[in-house]
1. Mind listing just one residue for me: the one in the range 1-21 that is touching a Phe, Trp or Tyr at 6+ places or on another chain (Cβ under 8 Å) and away from the ligand (no atom under 11 Å from the Cβ) and, of those, least open to solvent (accessible area, probe 1.4 Å)?
2. Go through the range 72-103 and report how many residues are closer than 19 Å to N7 by Cα and touching a residue at least 24 places away in the same chain (Cβ under 8 Å).
3. Quick test of your reading of the structure: P39 fulfils all but one of (1) under 27 Å from K109 (Cα atoms); (2) within 11 Å of the ligand (Cβ to nearest atom); (3) open to solvent by 20 Å² or more (accessible area, probe 1.4 Å). Name the failing condition by number.
4. Taking the criterion of being part of a helix (DSSP H, G or I) and either out of contact with any Phe, Trp or Tyr (no Cβ under 9 Å at 6 or more places or on another chain) or more than 17 Å from I12 (Cβ to Cβ) (or both), would at least one residue in the range 80-91 satisfy it?
5. State whether the residues of the range 56-79 include one that is among the hydrophobic types (A, V, I, L, M, F, W, C), more than 18 Å from L29 (Cα to Cα) and open to solvent by 80 Å² or more (accessible area, probe 1.4 Å).
6. When only residues in the range 102-129 that are charged (D, E, K, R) and more than 22 Å from Y23 (Cβ to Cβ) count, which is most open to solvent (accessible area, probe 1.4 Å)?
Amino acid sequence: MTYDTNNIFAKILRGEIPCVKVYEDEDTLAFMDVMPQAPGHLLVIPKTGSRNLLDADPQVLAKTITVVQRLAVAARAAFDADGVYVAQFNEPAAGQTVFHLHFHIVPRKEGEQTKPHSGAMADGELLKAHAEKIKAALA
Ligand code: AMP
């Protein structure tokens, strides 16, 4: 199990493909999931490459989960959510499709179903509007 430097999130980190950015610091990047399971679905990734949690450096993990917490709080406020689903998959058998460690943050409303994982692409302008809402809640 090796880290492939050409995975799509590594390309986002290198600026080779675009993303709808929500937050960035020295160690971490957060951006909107292009196939959101609910409005406000975003992803948090460390800038250091690892396939997933299983091969991640614990110090990198500690920094990443701290940002996950901040963004989960902001996403809950931004979308007036009743709860927040945080998910992270390791290897294909567990549902992982992109092999750079990432945490999903999905605001949830009581009684509302989520869309399927890796389902339909969202409108880019809508994703930008949702990113702005989360950024405003972070400030
Ligand atoms: P998984 O590896 O199963 O945890 O899921 C990868 C997630 O990345 C899915 O929710 C996809 O919708 C999302 N995704 C795939 N490509 C991109 C991209 N270029 N920008 C943002 N999100 C993406």
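The values are calculated or read from the model by the stated rules, or taken from the named source; none is laboratory data. What you are looking at is a predicted structure, and each value in this text was computed from that prediction instead of being measured. Cβ: placed from backbone, ideal geometry, glycine included. Neighbour counts: every protein chain shown. Keep in mind that these areas ignore ligands, DNA and RNA; they rest on the heavy atoms of the full protein, side chains included. Shrake-Rupley method; radii C 1.70, N 1.55, O 1.52, S 1.80 Å.
1. Y3
2. Total meeting the criteria: 11.
3. That leaves (2) as the condition not met.
4. No, that holds for no residue.
5. Checked the range 56-79: no residue is among the hydrophobic types (A, V, I, L, M, F, W, C), more than 18 Å from L29 (Cα to Cα) and open to solvent by 80 Å² or more (accessible area, probe 1.4 Å).
6. The qualifying residue most open to solvent (accessible area, probe 1.4 Å) is E110.
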